[in-house]
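This report refers to the structure that appears directly beneath it.
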Amino acid sequence: MGFIMDGLDAEEYDRQYTDRDLVRRIAHYFRPQAKRMGLVALMIVLNSLAYTGLPIYISNSIDRVQENTSTNTLLTIAAVTILLGSLGWVFNAVRRSIAASAVGNVVLHLREDAFDAVVKRDLSFYDSYPSGKIVSRVTSDTQAFSQVVTLTMELFSEILMVVLLVSYLMSVNIRLTLYVLALAPFIVVTALAFRKIARQTVTQSRRINAEVSAHIQETVSGISVAKTFRQEHAIYGEFLDVNKRSYQINLRTGFVFNSIFPILGILSGIGTVVIVYAGGLTAKDGALSAGDWFLFVQGLQMFWFPLTSIASFWSQFQIGLAAGERVFALIDAEPKVVQTGHDELAQLYGAITFENVDFRYNEDEPVLKDFSLDIKAGETLALVGHTGSGKSSIARLITRFYEFQGGRILVDEHDVRSLNLANYRAFLGIVTQTPFLFDGTVRDNIRYGCQDASDEDVLSAARSVAGGDWLDNLPNGLDTEVGERGSNLSMGQRQLVALARVLLQDPSIFILDEATASVDPLTEALIQEGLDTVMKYRTSIVIAHRLSTIKNANRIIVLREGEIIEQGNHEELLAQNGHYAELYNTYFRHQSLEYIEESQRLFSAA
Amino acid sequence: MSVAKSEFTVQNAYSYNQKDARRWILSHIWRYKWFFIGAVLFSMIDFFSYSQGPVQVGRAADEILNPTGDTALIHIGLVLLAVLMTSSFAFLFGSLLVETLAQRIEADARQELYISLLGKSQTFHNRQRVGDIMARATDDVKQLNFMLSPGLRFIYETVMGMAVPLIYIAFIKFELLLVPAIFLVCYGIAVRRYVRRLNPVMQSQREQFGKLNAGLEETISGIEIVKASVQESYERTRFRRNARLFRDYFVKQGQLEARYLPFLLYGIALGFTFLHAMVLYRNGSVTIPQIIAVMGLMNVLRFPVFISIFSFSLVQLGIAGADRILHIVKAETELDENAGGHRHDIQGNVTFENVTFAYEGKDNTPVLENISFHIEAGQTVAIVGQTGSGKSTLTQLINRTYDVSTGRVLIDGVDVREWDLTKLRSQISTIEQDVFLFSRTLAENIAFGAPDTPQEQIEQAAREAQAHDFIQSFADGYETKVGERGVTLSGGQRQRIALSRAFLSDPRILILDDSTSAIDSATEDEIQQAIRRAQQGRTTLLITHRLSQIRWADVIVVLDHGRVVAAGTHDALLRTSPHYRRIFARYDVDLPPLETPDAEVNAETAAREPEVIA
């Protein structure tokens, strides 16, 4: 319904490609489909010929029958009519099937390229674009782009039909044809005007629908509060108000959409009457046969339907092109992390050196300046500091998720830029603040880093985290489905799975961004036990949020604004009474045993 | 403050037949029967006049072939104009009537659903996912709307669009009905077959698109892990497989649609009708103008052939939507109000006696098994256990969100099932993990349900909950609207707003799911202070991650797999429970020697312990 209204929800996007570039890019994807597209074009021409030929043939036949009613003539006429109708159908069917394969392949190819481009990006790319937008470029924009093709084919075939029909009509009677053509601007203008009105009402409808959703969402989420306080009537009153406005606005939108076809019908009705009358006069004068007169009457109706869709073509075409541009822009973006070599390491001991490293996420905010740090193989290093002090950046540079601007980072004496990234990263084990799990079982997730690990290996990795006690609390053990992003598991359980995942990888360097969210004390104890196992014999770099981790570290690095201002162990640093002491009082005091023991005295008097 | 009854009724509400989806939809339509009857009448006028078009064209052809005078053609032209205008306007009015009907029914159905939602008990709402209800109140009612307009309209237009031209053809020459009639039968069979084959493919295509999207979304959200684990090629393979499958369904759907048989049948029918007409013309029983009229009428058939594909699926979707709405509307509350039950002020003694609980319907594995313990009025109990050990479920048995499967829960010695539900719940306050705040001002949120509470009382409650200071720090203070202009409250702040509410409503039993975490020590101090104050003078059940609260609770209940494995004070548990000792093993505590290693296994002995302490 209402193809005139298609594609109204488009946004304006900047054009980045010249037309010539765009055409070249599009042509690149269609070249493999050239044969198919050629066939499609042929089918369009044949179909248009059959489709316009049918009424022309019928009207001619009506004239012929008046002179010759031999059985042969009648059978021939019927056979040709059926043949034209069937051929039209066959051509159309072939065209659509082939076009579906061609478009399907182009979209597939485009999606594959877009995906490959996306995974090649470094993490700075993912920081600047929300995942939803990237996803829609890869899946929806590619689909929208394919519309360009479908639309172009439709337009091609409709214009062809109109041209064929009009030229035939011209050859029959020029004056009447001009009458038919005079109708065109009215139809086009009406269709465009409707688009404009519809655009407004649709926007309002969308807004009120969002309001209705928001209202219901809020009241249903908070219904227990509303019930506790007996506020149902007040809420119901608000609902009635929103619901009524929604009714009114949606009704108006519905009215607009329902008027377009009757109004176009009125226009074509007036046109029909003009043709019937004017054509009738011409026919009476003998300048037109009855059959041709009938053709004009029918032709008018064949004419206005394609016109309305041609009227809405251009804006839809632009929407499709813009979608194509977004996809190409995604494919063409340059990754910032560039490797200079592809050295593979057979073994990694885990010594890391930062030599005068400069790093910033964007021009204005330097994060690390002339930063130097030596980490010995097997050392456990805790990084502490306020937000923005650069502690996460250090970990991210080691993983080579981001490019740094100056200095060098050496791993076992190798420049990190000269390494084969896949080979190097296989030696790293990373657990992030909110550990990410993939939809699937716990077993799948533990195995994620080593797809060919056996079930026994997975089990023993799981067992070595906190003695495997946590497995008993999963409803189906290792076969428990973790749900989308691990939502079936608690945050603590997700951490345990992530630890097991890292253990199976057996990394040389372990990087942990500790979670700030609290987990239940029993799980917390299990996680700590798990960490002990992972950190043993490995270079460990911990962005520490827990007092117990800091206390166990070989060395604590105290960071402020990208500089190391203190280092040492917990007792030494606390005794210095400097920045570390301040950090301790701000973030860690409440995690201490003293605090737990004193809390009764501190708060019960209040 | 009192808990609402689970009935919420609106006076003079229209009542619909809720027996099944079809009857329900019909009863909604029946409410606006005149709109419906009007729409059908207009549609009849539309098609009768629209089909008059070809008849008048035939008359004009007659006039051209056998002229009768100068004015005759003008006359026919004017009649034709009148006929076509009547048709267009009838089409317009009919559509607007159906549209009004559809929009009204959408609004009515949503209202009906909403009223029933307000009437449902807390038990119902606790079990129902918000997203699910949202889908019914928005998408499903929209589906109902589309089913009526254009779905229902398409149906009667198809019927009339086919019947009326045939009637006219019959009037022109009855025999000419032969071919169109055969066509109609074949058409019906072809459409049925088409819909049956297309629907599953479309369904699969939609699902596959969802999979493609979800898979990609997952890869991108987890990109750090993908890269760190060097699994780019694995993800690529997965994506390509999904994208390829989608392509296959897309092509398959395209091919099915390309072979939409009814159009071929129509073309053949057109040829045979023409032949039939010509044969009759040779016999002299039909004239040329009549052939023109019949061929014009055959043209009218093209439209219903085109639209009928949509009407079937629209109606199917509408009925499915109605089913889902009705499912919610008809869902019954299992807990009875027990309006005449025990009505007293609660002292706050809570006793669990051999309580076992399993959710209905699921595999019947008990979530809680044989739980027994006793809390004296005014005591604070900390419940400790891993996720899934049954902590929340245990507290939900106290306010009868759920009823026990076997055993008893007693408050002040009376089984909760014997209490008047309203009286019981009004004296028990639960502060959940995710505190819900309405998008209103903070003052309104604190005094929710008691709009007349003086500002001083609101502020007093906020002070007690340690919320006053951070509220004052907002530019608009107590008038700050939640969720506006970037004002987002942290979990700890939300919790303290909820505690302010509790200070105002003064419940006798407070259940607190305290899993919020403070990032800095100053906030931790404030949260501690607020909760300590809330505990005073009321029985408190704490599900908490805070060791300092567990440490100093009057009773600590350790749950594991739905069983009480230990219960007692901190000191006692350090001596007897290996589970509990594990928590403190990380701290440099001088753990006392484990006294009876097997004490933990014997839940019943452990459970009796609190009584000794109390």
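Things to note:
- Chain A: angle of helix A:174-221 to the longest principal axis, Cα-based, in degrees nearest 10: 30 degrees
- The simple Förster model, with R0 at 41 Å and r as the Cβ-Cβ distance, assigns B:Tyr359 and A:Ala377 a FRET efficiency of 0.20.
- One compactness figure for region A:164-286 is 1.91, namely its Cα radius of gyration divided by 2.2 N^0.38 Å.
- Cα-based Kirkwood hydrodynamic radius, the protein assembly as shown, one decimal, Å: 36.0 Å
- Helix B:21-31 axis, angle to chain B major axis (alpha carbon atoms, nearest 10°): 70 degrees
- The modelled label-to-label distance for the pair B:Arg129/A:Lys196, using points 7 Å beyond Cα in the direction of Cβ, is 4.6 nm.
- Spin-label model, B:Glu479 to A:Thr387: label points 7 Å out along the Cα-to-beta-carbon direction sit 2.9 nm apart.
- The shape of region B:175-285 can be summarised by an equivalent ellipsoid whose semi-axes, obtained from the alpha carbon gyration tensor, come to 55, 11, 7 Å from longest to shortest.
- Taking all Cα pairs closer than 8 Å and separated by 6 or more residues, the relative contact order of chain B comes to 14 percent.
- Interface burial in region A:111-157 reaches 30 Å² or more for A:Arg111, A:Glu112, A:Phe115, A:Asp116, A:Val119, A:Leu123, A:Tyr126, A:Ser131, A:Val135, A:Thr139, A:Gln143, comparing the full protein assembly with the chain by itself; accessible area from heavy atoms with a 1.4 Å probe.
- Greater than 22 Å apart at Cα, pairs in B:Lys142/B:Lys211; A:Lys227/B:Lys142; A:Lys120/B:Lys252; A:Lys227/B:Lys330; B:Lys33/B:Lys142; A:Lys369/B:Lys227: B:Lys142/B:Lys211; A:Lys227/B:Lys142; A:Lys120/B:Lys252; A:Lys369/B:Lys227
- Over chain A, DSSP H runs of length four or greater, each weighted -39,500 (n - 2.57), average out per residue to a 222 nm ellipticity of -21000 deg cm²/dmol.
- For a modelled paramagnetic label at A:Phe313, 7 Å from Cα along Cα-to-Cβ, the residues of region A:148-181 in reach, with backbone nitrogen under 16 Å, are A:148-167.
- Ligands, DNA and RNA are left out, and with a 1.4 angstrom probe the accessible area of region B:175-285 is 46 Å² per residue.
- Over the C-alpha atoms of chain A, the Rg to Rh ratio, Rh being the Kirkwood estimate, stands at 1.15.
- A:Glu238-A:Leu83 pseudo-label distance in nm [points 7 Å out on the Cα-to-Cβ vector]: 7.3 nm
- Carbon/sulfur fraction of accessible area - chain B, other protein chains in place, 1.4 Å, %: 54 percent
- For chain A, the per residue solvent-accessible surface stands at 42 Å², with DNA, RNA and ligands left out and a 1.4 Å probe.
- The alpha-carbon atoms of region B:470-555 define a convex hull whose volume equals 106 cubic angstrom per residue.
- Equivalent ellipsoid semi-axes - Cα gyration tensor, region A:121-188, angstrom: 49, 12, 7
- Interface B:A - total buried accessible surface [probe 1.4 Å, Å², rounded to 100]: 14400 Å²
- Annotation: peptides A:96-105, A:36-45, A:359-368, ranked by per-residue average of other Cβ atoms within 10 Å with the highest first, follow the order A:96-105, A:36-45, A:359-368.
- Relative to the longest principal axis of the Cα atoms of chain B, the long axis of helix B:302-330 lies at roughly 20 degrees.
- Residue-normalised accessible area of region B:1-111, given per residue in Å² at a 1.4 Å probe: 48 Å²
- For region A:208-282 and region A:103-160, distance of Cα centres in Å: 32 Å
- Candidate aspartates and glutamates - alpha carbon under 14 Å from B:Lys120, same-chain residues fewer than 8 apart omitted: A:Glu232, B:Glu7, B:Glu112, B:Glu332, B:Glu334, B:Asp336, B:Glu337
- Percentage of interatomic Cα-Cα distances in chain B larger than 30 Å: 70 percent
- In region B:108-167 the Cα-Cα distances spread across 10 Å bins starting at 0 as 19, 33, 20, 15, 10, 4 percent of all pairs.
The values are calculated or read from the model by the stated rules, or taken from the named source; none is laboratory data. Bear in mind the structure is a predicted one, so any value in this text is a computation, not a measurement. Note that we place each Cβ from the backbone using ideal geometry, even for glycine, and neighbour counts take in every protein chain shown. Protein only, heavy atoms only, side chains kept; ligands, DNA and RNA dropped before computing areas. Shrake-Rupley method; radii C 1.70, N 1.55, O 1.52, S 1.80 Å.
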